[in-house]
Amino acid sequence: MGLAPHTDSSLITLLHQSSNATGLQISGDGGNLWIPVNPIPGALTVNVGDLMHIATNGRFKTALHRAVVNRTRHRVSMAYFYGTPQEVKISPPMKLVDVDHPLLYQPVTWKEYLDAKGKYFNRALEFIKCEALFIADRCRQL
């Protein structure tokens, strides 16, 4: 079973892949080039999620990835999605926001972000961007 291209909504995702088959791929250029993430025995793969992207004001980029079916070998993956309590607002520390690095996203709870992700899927980050006209004033007030 594969997964369509997506980003994880969490802060980080810890992924253990079986070492006998590849299937995880990460995008090198927004979905036109796919690079296999080969499993390393005993290692975990760490994906930066959307909430980490928000919390670092875009300095750590969320990872667009997909899982493709390996038709010759069985593949097993175990993922742990680490996030915050649902009602905690996520925003970058003020030392990451300045004239050269303006606030990119409005503060959002994981629950609010999951609601946006459910509605807008991979465009959820665009929906909460401060440059969007309907929330630009709210971001300037923060």
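The values are calculated or read from the model by the stated rules, or taken from the named source; none is laboratory data. All of these numbers come straight from a predicted model, not from anything done at the bench. Every residue, glycine as well, gets a Cβ built from its backbone with ideal geometry; the counts of neighbours run over all protein chains shown. Side chains included, ligands, DNA and RNA excluded: accessible areas come from the protein's heavy atoms. Shrake-Rupley method; radii C 1.70, N 1.55, O 1.52, S 1.80 Å.
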Response to the item:
Apart from one, (1) at positive phi; (2) open to solvent by 50 Å² or more (accessible area, probe 1.4 Å); (3) not charged (D, E, K, R) all hold for V46; the odd one out is (1)
Practice prompt. Out of V99, V69, report the one residue that is farther than 30 Å from I40 by Cβ and either under 22 Å from the mean Cα position of the chain (by Cα) or loosely packed, with under 10 Cβ neighbours inside 10 Å (or both).
Written response: V99
Worksheet item: What number of residues within the stretch 49-63 are within 9 Å of the chain's Cα centre (by Cα) and open to solvent by 40 Å² or more (accessible area, probe 1.4 Å)?
Response: 2
Practice prompt. Those residues that are within 12 Å of the chain's Cα centre (by Cα), open to solvent by 40 Å² or more (accessible area, probe 1.4 Å) and closer than 16 Å to V68 by Cα, I need them from the stretch 1-25; list them, please.
Written response: P5
Response to the item:
Checked against (1) open to solvent by 20 Å² or more (accessible area, probe 1.4 Å); (2) more than 25 Å from G28 (Cβ to Cβ); (3) in contact with a Ser or Thr (Cβ under 9 Å, 6 or more places away or on another chain); (4) not hydrophobic (A, V, I, L, M, F, W, C), T109 satisfies every condition except (1)
Discussion item. Based on this model, can you work out whether K117 counts as in contact with a helix residue (DSSP H, G or I) (Cβ under 9 Å, 6 or more places away or on another chain), under 22 Å from L14 (Cα atoms) and open to solvent by 70 Å² or more (accessible area, probe 1.4 Å)?
Written reply: no
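So that you can scan it fast, the table gives a plain yes or no per residue for (1) farther than 26 Å from H16 by Cβ; (2) polar (S, T, N, Q); (3) free of Cβ contacts under 8 Å to residues at least 24 places away in the same chain:
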{"site": "R75", "(1), (2), (3)": "no, no, no"}
{"site": "Y80", "(1), (2), (3)": "no, no, no"}
{"site": "Q86", "(1), (2), (3)": "no, yes, no"}
{"site": "S91", "(1), (2), (3)": "yes, yes, no"}
{"site": "V97", "(1), (2), (3)": "yes, no, no"}
{"site": "E112", "(1), (2), (3)": "yes, no, yes"}
{"site": "Y120", "(1), (2), (3)": "yes, no, yes"}
